[in-house]
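Heads up: the structure comes next, in structure tokens.
None of the figures in this text is laboratory data; all of them are computed from the coordinates on show. All of these numbers come straight from a predicted model, not from anything done at the bench. Cβ sites come from the backbone with ideal geometry, for glycine too, and all protein chains shown count toward neighbours.
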Amino acid sequence: MKNGHLSHWLDSTRDLSRTRQRIEGSTQADVVIIGGGYTGLWTAYWTKKQDPSLDIVVLEKEFVGYGASGRNGGWISGKTVGLRRNLMSESVSAEQVLEIERTCHQAVFEIDDLMAAAGKDIDAHRGGWMQIARSDSEFARLRSHVEEDRSWGLTEDEIALLSAEETYDRIHVPGVQGAVYSPYSVKCNPAKLVYALAELCEDLGVRIYENSPVEEFSDGDCQTTRGHVRGSVVVLATEGYTSALPGRKRDQLPMVSSMVVTEQIPESQWESIGWSGYECLSGAQHIYFYAQRTADNRIAIGGRGVPYFWGSRFDTSGELDPGTTSQLGEILQGLFPTVPIKLAHSWRGVLGVPRDWSPFIDYSKSNRLVRVGGYAGQGVTASYVAGRTVAGLISEQDSSLTGSAWVRNMPRKWEAEPLRWIGSRSVQMMYKAADTIEHRRGGADTSVFGRLATKISGR
């Protein structure tokens, strides 16, 4: 089994990647974007589409898709991004929060349509997303989530509670008690998506430089190891990797997410699995999983192992520890016990989590700086919406996006060490304990450990 090599997605699509030059010497641009992932590229794409005369430069430390954009679960999902209550304020109403959520719903299909119209194959399939429950407590939490969604105004067509029979008809998981289903999700190959997006940007005239780490930036000037770029506006789109920049270690928590993918599963075995709708699948336990059926009949599944590294560090090659690999394999075998599961590749990466677990687009005109991100694991779709929003702010548009609930000051910083490390590890331990207790005792009540972990984490 391969371990690391950044991800299965990146490792298996190397023939699709382009090698781009690094920046040498000095240059100028209208907009300089730090970060060559989804957020940086969607920002470049929409800014250039809105004003083709602008000169736009993207500076990427490694290569396009190196970070979360090339390692994620491949969900173009309309799931709620952030915490609704944290997006509300004296100037932001509940209706505005719901509006940006529905914008994300439509963005799911816009991304799919855009790629298809451009002739880009990203292994897309419109199957929606489904979160399954396999215990009374898990199903009670799902029912509560749907009730909350109804109170915010989401309809049955947007999110629905499925019975055990309805769920099993879609995917044959033994002991399933029900699920939540929403049509707003498209599964894809995330590496193919980021490669396609970079090509579309370059077709528009965006300049992308790889192997060009930004060491410092101030007042529109971005200094790299081999030169610098002067811009009228700088967009910081580094998500979980923001902690590596000087003075920004506590801006976002680089939370670790881990994945494994199986060998190809024979067609004869899929009859016992079901999953013909290619729904994006997740679980309702506290230590949750997320998964997809890939275009070549594998199962890619991810979840939390080691949640965080001391000092906001992150690895480079994506190698996954044996304990987490075994844990994800056991989850997968528990879902489909009659199917022989053989893992082919394991990896991990980091995603950006702000202190209030909610996205932000913070534009300081005086500093000529836009800080954007904080999707807490829902970035494939959210980055598209954020990129369009940043483009609107740069061009000084007055629209529902530029006045949305996401356009706000960046949340407060995370606590200093050792509190970040203690907090993240403690929350993980309590969630594990909650799952164990709820499984052992049964019943619909969530364990006190689960409730306490949610409170401590601020979710």
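Candidate cross-link partners of Lys365 among the lysines, defined by an alpha-carbon separation under 22 Å and a same-chain spacing of 8 or more, comprise Lys48, Lys49, Lys413. In terms of Cα atoms, the Rg and Dmax of the chain work out to 21.2, 65 Å. A straight line joining the Cα centroids of region 347-405 and region 217-231 runs 21 Å. Roughly how far apart, in whole Å, are the Cα centres of region 92-113 and region 287-303? With region 92-113 and region 287-303 each reduced to a Cα centre, they are spaced 25 Å. For region 113-238, go through all pairs of different Cα atoms, get the mean of 1/r, take its inverse, and jot down that Kirkwood value in Å. When all Cα pairs of region 113-238 are included, the Kirkwood radius is 18.8 Å.
The value of relative contact order for region 276-395, using C-alpha pairs under 8 Å at least six residues apart, is 13 percent.
Using the rule -39500 (n - 2.57) for each DSSP H run of four or more residues, divided by the residues of the chain, the 222 nm mean residue ellipticity is -10500 deg cm²/dmol. Cβ crowding within 10 Å, taken as a proxy for footprinting-reagent exposure, orders Leu369, Leu41 from fewest neighbours to most as Leu369, Leu41. Where both bridge residues fall in the chain, DSSP classifies roughly 65% of the beta bridges as antiparallel. Assuming charge only on the beta carbon of Lys and Arg (+1) and of Asp and Glu (-1), the dipole of the chain about its Cα centre is about 1280 debye to the nearest 20.
Taking other Cβ atoms within 10 Å as a rough exposure proxy, Val186, Val173, Val353 sort from fewest to most as Val173, Val353, Val186.
At full extension, Ala94 and Asp296 could sit 68.5 nm farther apart than now, given 0.36 nm per residue minus the alpha carbon distance. The protection proxy used here, the mean number of other Cβ atoms lying within 10 Å of each residue, ranks peptides 129-139, 200-210 as follows, highest first: 129-139, 200-210.
The mean sequence distance of close C-alpha pairs (under 8 Å, at least 6 residues apart), as a share of the length of the chain, puts its relative contact order at 25 percent. Over region 1-158, what relative contact order in percent results from Cα pairs under 8 Å that are six or more residues apart? That works out to 17 percent.
Each Lys and Arg contributes +1 and each Asp and Glu -1, all at the Cβ; summed about the Cα centre of region 367-459, the dipole is approximately 240 debye. Note on Ser272 and Ser395: their simple-model spin labels are 5.5 nm apart, each label 7 Å out from Cα toward Cβ.
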